[in-house]
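The values are calculated or read from the model by the stated rules, or taken from the named source; none is laboratory data. Just so it is clear, the structure is predicted and the values come from calculations on it, not from any experiment. So basically every Cβ, Gly included, is an ideal-geometry build from the backbone, and we count neighbours across all protein chains shown. Ligands, DNA and RNA are excluded from the accessible area calculation, which covers all protein heavy atoms including side chains. Shrake-Rupley method; radii C 1.70, N 1.55, O 1.52, S 1.80 Å.
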Amino acid sequence: LPFVGKAGQLLTRIIENGMQLSRQDVYICNVLKCRPPNNRDPLASEKEQCLPYLRAQIALVKPKVICCLGRHAANTILGLDWPTGKLRGQWHFYGNIPVRVTYHPSYLLRCEDDPEKAKTEKRKVWEDVQLVTKVLRGELAPRRP
């Protein structure tokens, strides 16, 4: 199951409070379809093996917008190898689907040791989620740069 534990609880709060949706109203998927041993970062070969399934999921769901949580999701969807901080703050596209990149909930949890950093990073996620919500409501139509 995607996003269980503390990161999943935080994601649920982001969806419910930031987007005013229930978690059941949002399609959530992972790049990998199984958890890597010891919860390590996925290998490039693992992401490549799961990519056709991910693409099929997106084709079936036909999302109005994609919100990538963290660098693995963003780089896989966008075909890039950039840090999250460089990708967020702008619109990208997967075909004709607008894509917003933001920080992964587990990153936000790791930031909690530094309250000021946690506040700053959570604010960025809030801003990203607000823009995603505007696209879902038809209030914003992102355009290619």
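Sort out which residues of segment 107-128 are open to solvent by less than 50 Å² (accessible area, probe 1.4 Å) and either touching a Phe, Trp or Tyr at 6+ places or on another chain (Cβ under 9 Å) or basic (K, R) (or both), and write them in order of number.
C111, E121, V125, D128 - these are the residues of segment 107-128 that are open to solvent by less than 50 Å² (accessible area, probe 1.4 Å) and either touching a Phe, Trp or Tyr at 6+ places or on another chain (Cβ under 9 Å) or basic (K, R) (or both).
If the Cβ limit is 7 Å and pairs must be 6+ apart or interchain, which residue in segment 107-135 that is in contact (Cβ under 8 Å) with a residue 24 or more places away in the chain pairs with which residue that is open to solvent by 90 Å² or more (accessible area, probe 1.4 Å)?
L109/K6; V135/K64
Within segment 1-50, which residues are open to solvent by 90 Å² or more (accessible area, probe 1.4 Å), in contact with a helix residue (DSSP H, G or I) (Cβ under 7 Å, 6 or more places away or on another chain) and charged (D, E, K, R)?
The one that is open to solvent by 90 Å² or more (accessible area, probe 1.4 Å), in contact with a helix residue (DSSP H, G or I) (Cβ under 7 Å, 6 or more places away or on another chain) and charged (D, E, K, R): K6.
When residues of segment 67-88 are filtered for being outside any helix (DSSP H, G or I) and open to solvent by less than 20 Å² (accessible area, probe 1.4 Å), how many remain?
Adding up the residues that qualify gives 2.
Any chance you could count how many residues in segment 127-145 are of a type in the set (A, V, I, L, M, F, W, C), touching a strand residue (DSSP E or B) at 6+ places or on another chain (Cβ under 9 Å) and in a helix (DSSP H, G or I)?
Number of matching residues: 4.
Only one of these conditions is not met by Y53: (1) among the hydroxyl-bearing types (S, T, Y); (2) under 23 Å from G5 (Cα atoms); (3) open to solvent by 60 Å² or more (accessible area, probe 1.4 Å). Which number is it?
(2)
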